[in-house]
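One structure below.
All of the numbers you see were taken from the coordinates with simple rules; none came from a lab. Keep in mind that this is a model prediction, so the values were computed, not measured. Note that we place each Cβ from the backbone using ideal geometry, even for glycine, and neighbour counts take in every protein chain shown.
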Ligand SMILES: CC(C)(COP(=O)(O)OP(=O)(O)OC[C@H]1O[C@@H](n2cnc3c(N)ncnc32)[C@H](O)[C@@H]1OP(=O)(O)O)[C@@H](O)C(=O)NCCC(=O)NCCS
């Protein structure tokens with residue numbers, strides 16, 4: 001999958017960065033000569049989503065992705081948003097996906113948009129796919145009235161940390177606490 005997309009010069013990518021106000025499904029020129037589309041996931045995408053996730057985690061979990069797909073729009077208070085990025089001219093070819101959820105009053109915090117999963121096909125990385133997906137889900141959160149977007153990353157996982165930091169996400173006001181139960 002190395003021939004997917006060509007990397008653009010940094011300046012071109014900067015200019016092409018989608019505005020948060022742009023609608024999902026608008027093609028975005030994320031790199032010179034290649035346009036990306038972002039659309040809502042479909043059942044037929046689950047296989048590609050599972051493969052992309054498994055390439056990163058080593059664990060195929062099709063039932064998990066299908067369940068998230070089915071939870072989309074289940075309720076306003078806990079609304080799942082599941083988007084995929086494809087080449088604009090090939091809408092069945094999934095390059096990456098993002099899943100987020102609007103969660104209300106979780107741990108007492110005001111409703112906000114959570115990015116729950118984000119992964120890009122190893123053959124399509126470093127070409128702005130994740131950035132385009134994050135901008136698209138941020139626009140969806142904004143449309144739903146959210147003013148804050150959150151995610152969680154493992155402390156020692158540098159790649160997602162570098163990605164989210166590059167997108168302007170910073171340490172938030174909460175810390176996670178845990179305890180072994182065995
Ligand atoms: C993290 C991930 C989603 C990034 O996807 P991507 O499409 O390659 O990212 P983008 O091309 O949109 O990168 C945007 C910015 O993130 C940063 N970034 C992305 N990958 C990077 C890397 N390997 N090293 C350093 N910085 C990186 C850069 O600042 C980049 O901007 P630049 O290319 O202008 O320098 C992808 O590497 C991936 O799927 N990793 C495995 C799964 C994962 O870690 N998911 C995230 C947590 S759920």
Query raised in the report: Roughly speaking, what is the stretch gain from residue 142 to residue 180, that is 0.36 nm per residue apart minus the C-alpha to C-alpha distance, in nm to one decimal?
Result: 10.0 nm
**Report entry** For the stretch 35-157, the Rg and Dmax computed from alpha carbons only, in angstrom
**Finding:** 14.1, 44
Requested in this report: Find the centroid of the Cα atoms in the stretch 115-182 and in the stretch 50-107, then give the distance between the two in whole Å.
Outcome: 13
Requested in this report: Evaluate E = 1/(1 + (r/R0)^6) for residue 152 and residue 44, where r is the Cβ-Cβ distance and R0 equals 35 Å; express this FRET efficiency to the nearest 0.05.
Outcome: 0.75
Query raised in the report: Taking the simple approach of a point 7 Å from Cα along Cα-to-Cβ for both residue 59 and residue 170, what is their distance in nm?
Result: 3.3
